[in-house]
1. When the Cα centres of the stretch 210-247 and the stretch 18-53 are compared, how far apart do they sit, in Å?
2. How large is the accessible surface of Ser253 in square angstrom, using a 1.4 angstrom probe and rounding to the nearest 10?
3. Calculate the FRET efficiency for Leu6 and Ile146 from the Cβ-Cβ distance with a Förster distance of 25 Å, rounded to the nearest 0.05.
4. Which whole-number value in Å² is the accessible area per residue of the chain, probe 1.4 Å?
5. Relative contact order of the chain, please, whole-number percent, based on alpha carbon pairs below 8 angstrom and at least 6 residues apart.
6. Residue by residue through the stretch 247-259, which ³J(HN,Hα) values in whole Hz follow from phi under the Karplus form 6.51 cos²θ - 1.76 cosθ + 1.60 (θ = phi - 60°), with glycine and proline marked x?
7. Suppose R0 equals 35 Å; then what is the FRET efficiency for Arg206 and Lys122 from their Cβ-Cβ distance, rounded to the nearest 0.05?
8. So what does log10 I(q)/I(0) come out to for the stretch 191-321 at q = 0.16 Å⁻¹, using the Debye formula with one equal point on every Cα and no solvent?
Amino acid sequence: MKSPLLSQPGAVPAEGADEGVAAHYGDLFREQRSLADGAGLVDLSHRGVIAVTGEDRLSWLHLLLTQHMTELPVGRATEALILSSNGHIEHALYLVDTGDTVWAHVEPGTQGELVAYLESMKFFYRVEVADRTDDTAVVHLPAGSIAEVPEGAVVRETAYGRDLFLPREKLEEYAAAHGPLAGILAYEALRVEGHRPRVGFETDHRTIPHELGWIGTAVHLQKGCYRGQETVARVQNLGKPPRRLVFLHLDGSEVLLPAPGTPIRLAADGEEGRKLGFVTTSARHHELGPIALALVKRNVPVDAELIAGTTAAAQETVVEP
């Protein structure tokens, strides 16, 4: 879905998973600084939006999601995963309940598959599931923003900012009143800095929640059964995940950022060394310079000097080995 904000001056379209919104509006670092200072707005209108209504919505979602949902207070933001039967991550939902509706935004283009799965699991529960992507746009206001929230908008407030669910026809009007606009690259740089994983970026077909630090934030360990729970419990109680998420400070002298999928190796072994993991997301940060998230084998020493392709990389622990 192509955002109308791509017609704004300086807008450069994003590519890949974030196609449809602006990568930036002409000054990546200025846009990052604005967000870090609590100003500006990020267009996330390419993300999928679903709404679940009905009096059984919380108890029903409780059975399907990794998060405890039955006692979710009205207005409290949470996040949850849907896992495969083997415990691998399939979807991440960013949720809030308004008292009569659970709203969630999800990765662009995944809402159709997600709605189909939810519809298949309704059985006798009094719930309705709707894909609201066509009529609802998500925008992000950074932490500290004093931007006004329009009447009727659904707000999902987190430590790093507020996600607003707006009528799509109001997107241009709201953005014009509450800019400056910041592109998805600025948003992603701050996400990497905050060590926040993203499905399709930090995940592959075999990623389990423990590897990304989602235990406790998106996965509740004291709740009833859900698909994939056996794997979650077994790893939590009896073992360790095979991989772990790390944050990388990259050598700033390199012109190009290592692309997602770039192999991670021990610096001492050089480019021919054994592959220990791979870059998941890389970004240019307005203060930290080039940074990245990566998945590496659990037994990689936390103080090991690494290389991402040919780029020197110093690691910070995100998930303990």
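The values are calculated or read from the model by the stated rules, or taken from the named source; none is laboratory data. Keep in mind it's a predicted model, so treat the numbers as computed, not measured. Backbone-built Cβ (ideal geometry, glycine too); neighbour counts: all protein chains shown. With ligands, DNA and RNA removed, areas are computed over all heavy atoms of the protein, side chains included. Shrake-Rupley method; radii C 1.70, N 1.55, O 1.52, S 1.80 Å.
1. Each part's Cα centre sits 30 Å from the other's.
2. Answer for Ser253: close to 90 Å² accessible.
3. E between Leu6 and Ile146, to the nearest 0.05, is 0.40.
4. That works out to 44 Å² for each residue.
5. 19 percent
6. 9, 10, 8, 9, 4, x, 7, 6, 6, 9, 7, x, 6
7. The pair Arg206/Lys122 has a calculated efficiency of 0.75.
8. -0.77
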